[in-house]
Amino acid sequence: MRKAGYVWLKEEFGIETLDYWITSYVRDKGTPKTVERDGYIEEIHRAATWPGDTWHDHLEFALKREGLHLELLRLLLPKLDWDELIEYITATPTGRYTRIVWYLYEAITWNTLDIDDLTVGNYVPLLDSSVYLTAKPKKIRRQRIDDNLLGSINFSPMVRHGDLDLKQINLNLRERCSEVVSKFPASIYQRAINYLYAKESKSSYAIERETPTAQRAHHFITLLERAWQDDFLTKEGLVELQNAIVDPRFANHGYRDTIEEQIYIGETIAPGNERIHYAAPKPGDVSEMMREFIACSRKILRDRSIPDITAAGIIAYLFNYIHPFSDGNGRIHRFLMHHVLAKRGFGPQGIILPVSAVILNRPQDYDKSLESFSRILMDKIDYDLDDHLRMTVHGETINHYRYIDCSKLNTIFHDFVQQTIESELPAEIEYLQRHDKCRAEMRTIVDLPDRIAELFIKCCIQNAGILSKSKRQLQEFAELKDSEIAELERIICEIFPETSSS
């Protein structure tokens, strides 16, 4: 079999990129075949489809059959011979793929070819909307191109939607969210919202295996409440977030490039033996990455043709992949999920979806969403760790982060949101209703002060519905009779049977 398309161009021009989602081959005999392995596709074509032996033959083949591999094109186009490129374009200046090559070359290199602007012909889309999620197009008059990237030529997430109708899924879940929330009793609505904010704060920290101080937890809840009104997709807003949720000793005054810190995510296998899962962009690349990220995020946020849930997932995950701060990136990543949904008006005013609770209960799926990029990235990153566990990344790596394929993580994130709306959100409200019933029935036995009643419920739920011997010794319960304790335990077990040991 012979390599074709982008993989042929990579070898011919000695270009190194992240693995692309599709690879094409042409064989002399046999029928066409498609092989899919772990989300990657090998497309085997029949002999008659061999494109030819020139770079433009394979480039057109790739653009037609493999989509837009922007990382490779960013490195390839500046390598092309100027005269050959002009000859190729002027031979068929109105051809779709000719125009795409012409536009990308000038946009990437900032060099203007000696070719007259087109004045006839329909505008052609840069991305095929039957394959990719696209933004509202920006019309490029010179080549008569509709630039419909989600971001820009320098930074744009790529989302292949496959068979998913993302807009319809988003609409269905938006309506379902409003339906679920509308069933909240009026008497419980505001308390339910406060409870959900606290739940989300606790779960987000728990994902990081952290228990925040009461003050930091309060700060995070306050920030979540501000997600509807304030604008955090600015450098100042993101720095404010980081400063509010981390230990003040590890707060950044800007991005981590100001302290030249290389961030990575790993785990200790044994003393001195680290397993590295992810290396963030090099410190010197962070400011550029964040400028592009913020511009891209604000474009996505404004573009109502991009579904709300997809917008939230893309923005949140892109931030996490850049990891611009020394600490707190994961919590800000999950905060941005809520911030984008709030700014899009997803759900009634003030509501928050306890997505982190779902993520906390599905760690393997969350890891899969993150690894959809990190796994292919780490195959290409050359790094060292010194004796102090400081990382040094070698070579130029910035292009790896410019055009992240968010297709798989988008699917998983949609599933998280769906489970949140269909299961987690109703369950949390039901819990509050059962809690109110429990408190009311407990008062028929003994009218405990609120703090002591809440402590009693908490201690019983943590111990299979029974107040343990050690907890009975607490001064808060010293005035309770054994018979009263037994009756209170019975009420808790009846209303919260899942906690009972029987």
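For the range 298-308, the set of residues classified as among the polar types (S, T, N, Q) and part of a helix (DSSP H, G or I) is empty.
In the list Asn172, Asn148, which residue meets the criterion of being without any contact (Cβ under 8 Å) to a residue 60 or more places away in the chain and in contact with a Pro (Cβ under 6 Å, 6 or more places away or on another chain)? Going through Asn172, Asn148 in turn, the sole match is Asn148. With outside any helix (DSSP H, G or I) and either among the polar types (S, T, N, Q) or at pLDDT 90 or above (or both) as the only criterion, which of Leu164, Leu150, Leu171 stands out? Checking each option against the conditions leaves just Leu150. Residues satisfying the criterion are absent from the range 229-248 (criterion: without any contact (Cβ under 8 Å) to a residue 24 or more places away in the chain and basic (Lys, Arg)). Looking at this structure, is Lys481 basic (Lys, Arg) and over 16 Å from Val446 (Cβ atoms)? No; evaluated as a whole, the condition is false for this residue.
So that you can scan it fast, the table gives a plain yes or no per residue for (1) within 30 Å of Ile263 (Cα to Cα); (2) touching a Gly at 6+ places or on another chain (Cβ under 8 Å); (3) modelled with pLDDT under 95; (4) of a type in the set (Lys, Arg):
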site	(1), (2), (3), (4)
Asp382	yes, yes, no, no
Asp386	yes, no, yes, no
Cys406	yes, yes, no, no
Asn410	yes, yes, no, no
Ala427	no, no, yes, no
Gln462	no, no, yes, no
Arg472	no, no, yes, yes
Glu479	no, no, yes, no
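For the range 488-499, give me each residue that is under 16 Å from Arg439 (Cα atoms) and either among the aliphatic types (A, V, I, L, M) or surrounded by 15 or more Cβ atoms within 10 Å (Cβ to Cβ) (or both).
Passing the criteria: Leu488, Glu489, Ile491, Ile492, Cys493, Ile495, Phe496.
When residues in the range 83-96 are screened for being aromatic (Phe, Trp, Tyr) and free of Cβ contacts under 8 Å to residues at least 24 places away in the same chain, 0 of them pass.
Out of Ala198, Ala186, Ala217, report the one residue that is more than 22 Å from Ala312 (Cβ to Cβ), assigned by TED's automatic domain parsing to the domain that holds Asp415 and in a helix (DSSP H, G or I). Answer to the check: Ala217. Criterion applied to Leu72, Leu63 was being in a helix (DSSP H, G or I), without any contact (Cβ under 8 Å) to a residue 40 or more places away in the chain, touching a helix residue (DSSP H, G or I) at 6+ places or on another chain (Cβ under 8 Å) and crowded, with 17+ Cβ neighbours inside 10 Å, and the one residue passing it is Leu63. It is to be established whether one or more residues within the range 93-101 are of a type in the set (Lys, Arg) and assigned to a helix (DSSP H, G or I). Taking every residue of the range 93-101 in turn, at least one turns out to be of a type in the set (Lys, Arg) and assigned to a helix (DSSP H, G or I).
So which residues in the range 220-249 are among the hydroxyl-bearing types (Ser, Thr, Tyr) and either part of a loop (DSSP other than H, G, I, E, B) or surrounded by 15 or more Cβ atoms within 10 Å (Cβ to Cβ) (or both)? Hit for the range 220-249 is Thr234, nothing else. One residue alone among Pro185, Pro137 is in contact (Cβ under 8 Å) with a residue 12 or more places away in the chain and over 22 Å from Ile352 (Cβ atoms), and that residue is Pro137. Residues that are surrounded by 15 or more Cβ atoms within 10 Å (Cβ to Cβ) and of a type in the set (Ser, Thr, Tyr) within the range 106-139 comprise Tyr123, Tyr132, Thr134, listed in sequence order.
Out of curiosity, is Ile263 touching a helix residue (DSSP H, G or I) at 6+ places or on another chain (Cβ under 9 Å), among the hydrophobic types (A, V, I, L, M, F, W, C), in contact (Cβ under 8 Å) with a residue 12 or more places away in the chain and buried (at least 19 other Cβ atoms within 10 Å of the Cβ)? Considered against the rule, which asks whether it is touching a helix residue (DSSP H, G or I) at 6+ places or on another chain (Cβ under 9 Å), among the hydrophobic types (A, V, I, L, M, F, W, C), in contact (Cβ under 8 Å) with a residue 12 or more places away in the chain and buried (at least 19 other Cβ atoms within 10 Å of the Cβ), Ile263 comes out as yes. Those strands (runs of 3 or more DSSP E) of the range 1-55 in which at least 1 residues are touching a Ser or Thr at 6+ places or on another chain (Cβ under 7 Å), considering only elements entirely within it, cover 2-4, 22-26, 40-45.
Selection of helices (runs of 4 or more DSSP H) fully inside the range 309-399 by the criterion of at least 3 residues being in the same structural domain as Ile245 (by TED's automatic domain parsing) and under 16 Å from Leu241 (Cβ atoms) returns 329-343.
For the range 400-410, a tally of residues being of a type in the set (A, V, I, L, M) and either in a helix (DSSP H, G or I) or touching a Cys at 6+ places or on another chain (Cβ under 6 Å) (or both) returns 1.
The values are calculated or read from the model by the stated rules, or taken from the named source; none is laboratory data. Fair warning: this is a prediction, and the values are worked out from it, not measured in the lab. Positions of Cβ are generated from backbone atoms using ideal geometry, with glycine treated the same way; all protein chains shown enter the neighbour counts.
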